[in-house]
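Undergrad: Below are the structure tokens for one structure; questions will follow.
The values are calculated or read from the model by the stated rules, or taken from the named source; none is laboratory data. In this text, all values refer to a predicted model and were calculated from it rather than measured experimentally. Cβ atoms come from the backbone with ideal geometry, glycine included; neighbour counts cover every protein chain shown. These accessible areas exclude ligands, DNA and RNA; they are computed on the full protein's heavy atoms, side chains included. Shrake-Rupley method; radii C 1.70, N 1.55, O 1.52, S 1.80 Å.
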Amino acid sequence: MATIIPVASFDCVVFGATGDLTARKLLPALFYRFRDGQIPETSRIIGASRSELSTDAFREHARDALKRFVPAGDLTDEMLHRFLDHVDYVAVDGAGESGWDDLVAKLDERPDQVRPYYLATSPDLYGSICRNLAAHGLVGQKSRVVLEKPIGKDLKSARAINDAVGEVFPESQIFRIDHYLGKETVQNLLSLRFANTIFERLWTSDVIDHVQITVAETVGVEGRAGYYDTSGAMRDMLQNHILQLLCLTAMESPLNLEANSVRDEKLKVLRALKPITAHDIQTATVRGQYVAGAVDGKPVEGYLSELGHESRTETFVAMKVEIQSGRWAGVPFYLRTGKRLPQKLSEIVVQFRASPFSIFPEEAFGREPNRLVIRLQPQEGMKLEVMTKDPGPGGLRLRPTDLDISFEETFKQRYPDAYERLLMDVVRGNATLFMRRDEVEAAWAWADGVLKAWADRPESPRPYPAGSWGPTAAIALIERDGRTWHEELRWSGVHS
């Protein structure tokens with residue numbers, strides 16, 4: 001059983017409290033941490049939004065959210081009632097003047113609490129909310145502000161947001177959240193690399209042939225069509241989530257696990273990314289947009305039908321990137337993300353090089369090199385594919401076999417959701433798993449070059465049927481180099 005380490009008593013103010021993120025992620029995460037005894041009884045979760053609700057009405061809203069998004073087996077009436085006793089509400093206009101005196105009075109009831117302010121709002125409100133917090137005397141040494149992505153839509157807008165928030169909060173009190181960094185497997189990636197000599201010594205261009213990072217979704221844009229059409233797969237997923245996974249895969253060993261030490265090394269990776277220019281945009285990237293098809297055996301409409309008008313926004317991106325460093329010289333990183341793909345999947349695949357010589361005859365096996373697969377979802381875990389002898393008489397035959405670790409099955413316990421871990425880190429003031437300002441801006445500086453090269457070309461995204469693995473050009477992108485996407489290997493039956 002994992003040891004639960006309580007955090008300091010806090011008042012968590014959630015701006016955008018009636019929104020989808022609060023219902024789906026924040027309230028369930030806080031409920032689980034309360035249920036497991038990590039949140040002190042003197043803590044409060046204070047919802048804040050423009051909706052004129054009473055505290056009782058907001059508690060009913062929270063009750064409905066928890067019953068919808070927390071499995072029934074984890075939600076007893078007694079524990080739900082206890083948790084809701086700690087939920088409060090204040091009607092506040094984050095960008096305006098109304099309601100702030102009420103919030104001040106509420107927080108003044110417990111002046112010594114740690115105060116995380118979670119901005120689950122549109123990013124264009126971040127600056128206004130922070131300025132109002134400062135104007136009403138609500139920013140102190142125990143304050144933290146949590147910023148949800150997207151932080152801007154390009155480098156210029158990201159800097160504007162960072163400037164506005166930075167006028168009120170010092171960098172040490174700003175927590176730019178990326179929930180992928182809170183996943184158990186992502187943190188185990190650091191353990192795998194730096195706590196196991198065998199892997200750290202193999203983590204070089206001499207041994208690794210290439211790396212694949214895939215974040216696939218079966219859903220379409222659903223209720224987010226308006227936002228998504230101004231964003232697209234590049235801004236929504238690749239510029240933040242996938243680049244962060246790339247950083248953790250490729251970074252050098254930090255001096256220690258202190259926040260800035262880890263983030264210094266991630267920043268070096270972002271700055272070492274080779275720019276993708278107009279000259280190589282067609283050979284290094286593929287943009288796609290889903291059309292009508294079937295997912296899980298059910299027909300689904302295309303992106304333009306969901307949107308209701310024409311659009312050149314991409315719902316799929318695949319690209320080949322390079323890191324200009326001694327460790328990674330000549331090792332391509334293939335990145336891929338998209339909506340309406342065949343399965344919900346996030347994984348990192350480290351493909352090792354084939355042995356230059358084998359004592360085994362060709363007929364014994366297909367000379368498959370070893371492969372390390374790090375699964376972020378579903379079923380977080382890791383597997384190392386190694387060659388073993390096929391059991392039985394009749395000659396020596398080799399086949400790939402998985403050395404498989406499923407974290408939940410191995411450790412026989414429920415693993416906390418990423419938001420649970422990250423919210424508790426905010427209360428502690430531990431910023432290791434959060435992005436620093438220069439990281440965000442370095443990622444945008446690189447992504448802006450790709451976005452400009454796309455914008456300068458007249459081509460629309462390539463269509464792909466919903467339920468497929470994207471445009472055929474994405475397969476050509478990697479197969480031109482004599483390599484294959486891991487999903488294509490799995491589905492072709494080469495290995496499990």
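Undergrad: Where Rh denotes the Kirkwood radius from the mean inverse Cα pair distance, what is Rg over Rh for the chain?
TA: Value, to two decimals: 0.98.
Undergrad: How much area per residue is accessible in the stretch 2-45 when the probe is 1.4 Å and only protein heavy atoms are counted (Å²)?
TA: Computed with neighbouring chains in place, this is 33 Å² per residue.
Undergrad: Rg/Rh for the stretch 194-323: what does it come to with C-alpha atoms and Rh from Kirkwood?
TA: With Rg and the Kirkwood Rh in hand, the quotient comes to 1.06.
Undergrad: Starting from the Cα of Asp64, step 7 Å along the direction of its Cβ; do the same at Ser355; then give the gap between the two resulting points in nm.
TA: 6.3 nm
Undergrad: Per residue, how much space in cubic angstrom lies within the convex hull of the C-alpha atoms of the stretch 1-53?
TA: 82 Å³
Undergrad: Rounded to two decimals, what is Rg over Rh for the stretch 161-260 when you use alpha-carbon atoms and the Kirkwood radius?
TA: That ratio is 1.04, to two decimals.
Undergrad: Using a/c under 1.5 as the rounded threshold, could you call the stretch 226-294 rounded, prolate or oblate? The axes a ≥ b ≥ c are square roots of the C-alpha gyration tensor eigenvalues, and prolate needs a/b larger than b/c, oblate otherwise.
TA: Prolate is the answer for the stretch 226-294, as a/c is 1.5 or above and a/b outweighs b/c.
Undergrad: Do any GluC sites (Glu not before Pro) in the stretch 33-75 lie in a DSSP loop with no more than 11 other beta carbon atoms within 10 Å, and if so, which?
TA: For GluC sites (Glu not before Pro) across the stretch 33-75 that sit outside H, G, I, E and B with at most 11 neighbouring Cβ atoms in 10 Å, the list reads Glu41, Glu52.
Undergrad: On to the next question. Along Cα→Cβ, 7 Å out, is where each label goes; now give me the distance between the ones at Phe194 and Thr230 in nm to one decimal.
TA: 3.8 nm
Undergrad: Still on this structure: Using θ = phi - 60° and the Karplus relation 6.51 cos²θ - 1.76 cosθ + 1.60, list the HN-Hα couplings for the stretch 288-305 in order, rounded to whole Hz, with x at every Gly or Pro.
TA: x, 9, 6, 10, 4, x, 9, 10, 6, x, 10, x, 9, 7, x, 4, 5, 5
Undergrad: Once both labels are modelled 7 Å past Cα along the beta-carbon direction, what's the Lys268-Ala134 spacing in nm?
TA: Output for this residue pair reads 3.4 nm.
Undergrad: Can you send over the carbon and sulfur percentage of the accessible area for the stretch 208-360, probe radius 1.4 Å, protein chains only?
TA: 54 percent
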